[in-house]
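In what follows, a structure is listed as structure tokens, so that the remarks can point back to it.
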Amino acid sequence: MARLENSEIARLFGEMADLLQIDGGDRHRVAAFRRAGRIIEGLPRPAEELLARAELDKIRGIGSGTVQRVKQMLRRHSCDELDKLRRKVGPGLREMLAIKGLGPTTVRNIHNHLGIESIDALEYAAKVGAIETMPRMGPGMAHKILAGIEAYRKRRGKIALSEAQRVGRRIVRALAELPEVARVELAGSVRRGKAAIGDLDLLVASSDPGPVSSRFQTLADVEEVLVRGDTRCSVRLHNQQQADLRVLPAPSFGAGLHYFTGSKLHNVELRKRAGRMGVKVSDKGVFSRDEVLIDPCPEEADVFRHLGLPWIPPELRENQGEIEAAERGRLPKLIEAGDLLGDLHMHTRDSDGSGSVGEMAARARELGHRYIAITDHSKALGIANGLDERRLAAQMQRVRKLDGELDDLRLLSGVEVDILADGELDLDPALLAQLDWVVASVHKWTNQDEATMTRRVIRAIESGVVDAIGHPTGRRPGKRDPYPLELEAVLVAARDHDVALECNGGPNRMDLGDVDCRRCRERGVAVVLDTDAHAPRHLGRHEFALAMARRGWLERQHVLNAQPWEVLAARRARRLRDHGDPAWRVAPTIVQVPVGFELADDEGEGEVGEVGEGGEVLVDAEDHAWVDVEPLEAVAAPVVTSKPDAEGEGEDSGAVEVAEVDASELEQLRRGLAAGVLDDALRERLSYWLMAGAEDPTLEQALSERGPNPLQVGFDLLSGS
DNA sequence: CTGGCGAGCCAGTCGACGCTAGAGCGTCG
């Protein structure tokens, strides 16, 4: 039997916990099932393997009971306890848990008081006011339930791409073993990479369909056979998905694959085009107007060729302009796995991940990543053991130390900081400014209205310390709708502040979705494709984010983590500069200034604070957010810079900036460049100048001495060494 | 159900919000 994956075992434990809770079982037992599921989900190796090595029960939280159940599950996709609970509770009650606002206890109460066992019955009860007759239930709950049912119906029957792929690929593997099968492919919306999948479509090339069909009907995943034919066969799977098999002869496999990959709208449009060209396209091949076969099309590209088009990647086949683009030779060169250089969102066991920083780094090196950012949760997410300032600062030290020991991987210290209800960040901005990479995400208070939520996210974008907004819409394909958010306004803010939006590749999220990725492209907002890995083995899992990005027409230049780290670092450095270093914004601040030192405020006028006896100045950071002061020792001459207005249009209005060639520094740079080996500081300075357009006349002078085009010299140095 | 403490029992992740009821329970992250 095909191997059962950890996540599927975890799901069975989750179901067991749900059913037991609805049944009124011991809550600690319920919690133990949930915990076991969570642990198995996060295991670094297949549970089957650990079981064989007798290591499974050594894991904290997994005892002998769990081991016995896992054994049964591996054998038959269920266990005695689960069978018993399923018989006792029934599927309707468990289905009710999918309605937002209904938990196991409420479902149990509704069942006990009103005898309700299905969503239809629940809807009726809510409409006629029966819900309100129950203790602790009122009109508010009834309304909530009805709204929840409506939302549930809209997305019903869909499952996440990851699960559809997993089951689909398992079926593909099983069918591929048959000698009668020449080729087998997943078609339909799975092949197009849609986030939420209705049915599975499987396509087989074979000259002997009978055995293929009967094998399909007897797969372990099959619950019930719906349509029983040789070349066409439909079944219902254990996960309640429908799977359709079609068997066709190998010479027309390409035509069939194209036809059954869809989308329907794409096919309709393509057939219209065929009509205009005097041919017909079907799943059997390309025909003349009078039904004479021109080409059965063994490959998909043959179909397109007859229509005068290049092959169009499946992800684009949604009739969203791809045919026209193909016609003009303007198809996007879609982002590919090989383009990605790093991963900028992952968790370790410092919060809710299962690997250490070192383990994550090791895996990233195996995968050939050039850089990764460790981004654990912040303290507002108590359930995930989120980091407070102290723990994050300590982690930063550890990460930086380890980074220093690695020469082939840049290990970045970051955080996934929660965006609080009002848009404040959950951690001190002064600390956030010291990190290499900051993802800001909404996890809590997700039921705000659209205006509040939008303002909240934009405020985080405007903070200046945030590099990317994590899973921006909060959606869970097939499970939960996005929270209300005016994405357009968020896009504008993100573009204005050089903040990227994340396309989170977590298999339950895939957020941003395809449409939103394309909006980013159109609005000029950078996208970053992350795995949100919670274990080392998740790090290779870029395919779901890639699916969304490709469906959103993204190319390499639209994706931030397809760029070298220097580009990203420069973006961050520039943004911090433009927003004023938040370290100075912790109000009020006392600073030391030398005698003769003159402070300039936002308008470039002097005197922003009272000068005390020792020359210290109390700066009211509320009113003078952009006052910039060098530490006493570092100030050789009474030079003061101040920041222009926060919007930062005009460079240095009223501010005095040192913008001259420094002779001693120049000499030092000359030596550094002549050596040909860039140290980190120089590399950073170089990329900052190159990518962010920062002024650096000294550097420019040094570079121009090494070639006619200082920009070129700079690029060569950066890429060459 | 699991793990800890002590050899059979006991306690079990945090915190906020909404709903209904006027403090508490259930849900959601």
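The values are calculated or read from the model by the stated rules, or taken from the named source; none is laboratory data. What you are looking at is a predicted structure, and each value in this text was computed from that prediction instead of being measured. Every residue, glycine among them, receives a Cβ derived from its backbone with ideal geometry; neighbour counts consider all protein chains shown. Protein only, heavy atoms only, side chains kept; ligands, DNA and RNA dropped before computing areas. Shrake-Rupley method; radii C 1.70, N 1.55, O 1.52, S 1.80 Å.
For this structure, a couple of remarks:
- If both residues of a DSSP beta bridge must be in the stretch A:330-445, then about 5% of such bridges are antiparallel.
- Total formal charge among the other residues, if their Cβ is under 15 angstrom from that of A:VAL286, Lys/Arg +1 and Asp/Glu -1: +1
- Summing charges over all other residues whose Cβ lies under 12 Å from the Cβ of A:VAL107, with Lys and Arg as +1 and Asp and Glu as -1, gives -2.
- Mean projected area (nm²) of the alpha-carbon convex hull when the stretch A:159-318 is viewed from all directions: 8.9
- Value at 222 nm in deg cm²/dmol, rounded to 500, when DSSP H runs of n ≥ 4 in chain A each add -39,500 (n - 2.57): -12500 deg cm²/dmol
- Equivalent ellipsoid semi-axes, the stretch A:447-494, via Cα gyration tensor eigenvalues times 5, rooted, Å: 19, 12, 9
- Sorted peptide list for A:374-380, A:424-430, criterion being average Cβ within 10 angstrom, highest first: A:374-380, A:424-430
- Environment charge of A:HIS558, counting only residues whose C-beta is closer than 12 Å and scoring Lys/Arg +1, Asp/Glu -1: +4
- Rounded to 10°, Cα long-axis angle of helix A:450-462 versus longest principal axis of chain A: 40
- Carbon/sulfur fraction of accessible area - chain A, other protein chains in place, 1.4 Å, %: 49
- Cα gyration tensor shape of the stretch A:337-578, rounded if a/c is under 1.5, else prolate or oblate by comparing a/b with b/c: rounded
- Packing-based ranking, highest mean first, of A:291-297, A:3-9 given that Cβ atoms within 10 Å are counted: A:3-9, A:291-297
- Tilt relative to chain A, helix A:565-579 - C-alpha long axis, 0 to 90 degrees, to 10: 60
- Shape metrics for the stretch A:292-377, restricted to C-alpha atoms - Rg then Dmax, Å: 21.2, 67
- About the centre of its Cα atoms, the stretch A:215-372 shows a dipole size close to 520 debye [charges on the beta carbon of Lys, Arg (+1) and Asp, Glu (-1) only; nearest 20 debye].
- Rolling a 1.4 angstrom probe over the protein heavy atoms with all chains in place gives chain A an accessible area of 47 Å² per residue.
- Cα-based Kirkwood hydrodynamic radius, the stretch A:457-530, one decimal, Å: 12.1
- For the stretch A:453-563, share of DSSP beta bridges that run antiparallel, in % to the nearest 5: 20
- Chain A: relative contact order as a whole-number percent, Cα under 8 Å and 6+ apart: 8
- Chain A: angle of helix A:104-114 to the longest principal axis, Cα-based, in degrees nearest 10: 40
- Residue pairs, from the table A:LYS100/A:LYS127; A:LYS264/A:LYS284; A:LYS158/A:LYS194; A:LYS88/A:LYS479; A:LYS194/A:LYS272; A:LYS71/A:LYS158, whose Cα atoms sit over 21 Å apart: A:LYS88/A:LYS479; A:LYS194/A:LYS272; A:LYS71/A:LYS158
- Basic side chains Lys and Arg get +1 at the Cβ, acidic Asp and Glu get -1 at the Cβ, and with that the dipole of the stretch A:350-435 about its Cα centre reaches some 360 debye.
- Computed over the stretch A:6-155, the Cα gyration tensor eigenvalues convert (square root of 5λ each) into semi-axes of 35, 14, 13 Å, ordered from largest to smallest.
- Computed packing ranks the peptides A:529-537, A:381-389, A:313-321 as A:529-537, A:313-321, A:381-389, most packed first, by mean other Cβ atoms within 10 Å.
- Using the empirical formula 2.2 N^0.38 Å as the baseline, the Cα radius of gyration of chain A reaches a ratio of 1.11.
- Beta bridges by DSSP in chain A, antiparallel share as percent, to the nearest 5: 55
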